[in-house]
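No lab work stands behind these numbers, since they all come straight from the coordinates. Predicted model, so just to flag it, every value in this text is computed and none were measured. Because the Cβ atoms are built from the backbone with ideal geometry, glycine has one as well, and the counts that use them run over all protein chains shown.
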Amino acid sequence: MRVPVVHQQARRRRARYARLLWNGAEILVTLGVVLMLLVVHQLWWTNRQAREGAERKVQALQREWEGEGDGDGDGGGEGDPVGGGSVSDRGSTSPGDSDGARSRSAPDSASAVNPRPRWTQAYAVLTIPRLGLRVPVAEGISKGNVLNKGYVGHYPGTAQPGRAGNFALAGHRNTHGEPFRYINRLRRGDRIEVETSAAVYTYVVDRTLAQTSAGDGGVIRGIPRSSVRPSYGYTDPGYYLTLTTCTPEYTSKYRLVVWGKLGSMRPR
């Protein structure tokens with residue numbers, strides 16, 4: 001009777017391969033769990049935190065305006081600018097575009113009582129009824145100190161609410177509260193309200209630019225007009241509102257732009 005011979009070297013080789021396969025499987029499972037946690041953090045946790053913080057800020061502003069408290073004013077540094085492309089946190093649009101030419105049809109003088117906001121300070125509330133959106137507006141487009149808080153950021157160098165020129169805003173489309181996620185659903189004639197300590201300004205949606213370059217600074221000039229797609233925009237001075245965000249969703253390759261015009265002003 002023959003007894004089979006087991007080669008120790010072959011057995012060791014098979015054991016080594018088995019350990020490699022097991023270790024590789026463990027690494028893949030670990031990476032999968034880490035990626036899943038990152039996705040949950042970005043798509044759920046940052047939204048929850050930012051929305052809760054933004055809601056508290058809106059309530060604080062309302063209490064402050066009603067004389068019930070001093071609010072909880074924001075401070076902080078600059079951070080990294082996002083959106084709009086060509087305008088930095090402390091930069092401006094091209095010379096002469098900050099307020100634009102004045103129109104005779106809007107009540108500009110009443111808005112002069114609005115104090116100039118401090119850097120990264122939340123000083124207004126943006127309301128879009130169609131989207132069920134009510135969110136703070138802060139000075140600057142700092143990512144860390146404004147946009148990632150779920151706020152909407154005001155482009156430095158553009159007009160303030162109710163002033164002649166272009167009141168231009170940026171907001172996240174995805175994560176960190178994603179206040180501008182659905183602005184592509186806005187249609188001509190939709191109302192957009194901007195409330196400050198002085199007045200409530202009602203803008204009316206007029207035009208939409210579905211996609212343009214991230215560096216298209218023309219869309220936030222005093223007389224907004226795309227420098228990439230010149231057929232989109234305006235040629236006459238007025239009282240404009242511009243909303244900008246990233247597109248397509250979950251990317252920052254292009255910009256989506258919504259324009260509105262000032263329709264009315266109601267003092268507080």
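Summary of values
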item: By average C-beta atoms within 10 angstrom, highest first, the peptides 175-184, 154-163, 246-255; result: 154-163, 175-184, 246-255
item: Interchain or long-range residues, amide H under 5 Å from Phe167's placed H; result: Ala159, Tyr240, Leu241, Thr242
item: Gain in span if fully extended, Ser231 to Lys253, counting 0.36 nm per residue against the direct Cα distance; result: 5.8 nm
item: Protection proxy ranking of 261-268, 233-240 - average other beta-carbon atoms within 10 Å, highest first; result: 233-240, 261-268
item: Gain on full stretching of the segment that runs from Trp22 to Arg51 - 0.36 nm per residue minus C-alpha separation; result: 6.2 nm
item: Distant-in-sequence amide H partners of Gly177 (H built 1.01 Å from N, under 5 Å); result: Asn47, Ala50, Arg51
item: Label-reachable residues, region 197-218, where backbone N falls under 13 Å from a point 7 Å from Asn184's Cα toward its Cβ; result: 209-212
item: Among 189-200, 131-142, the order from most to least packed when residues are scored by Cβ within 10 Å on average; result: 131-142, 189-200
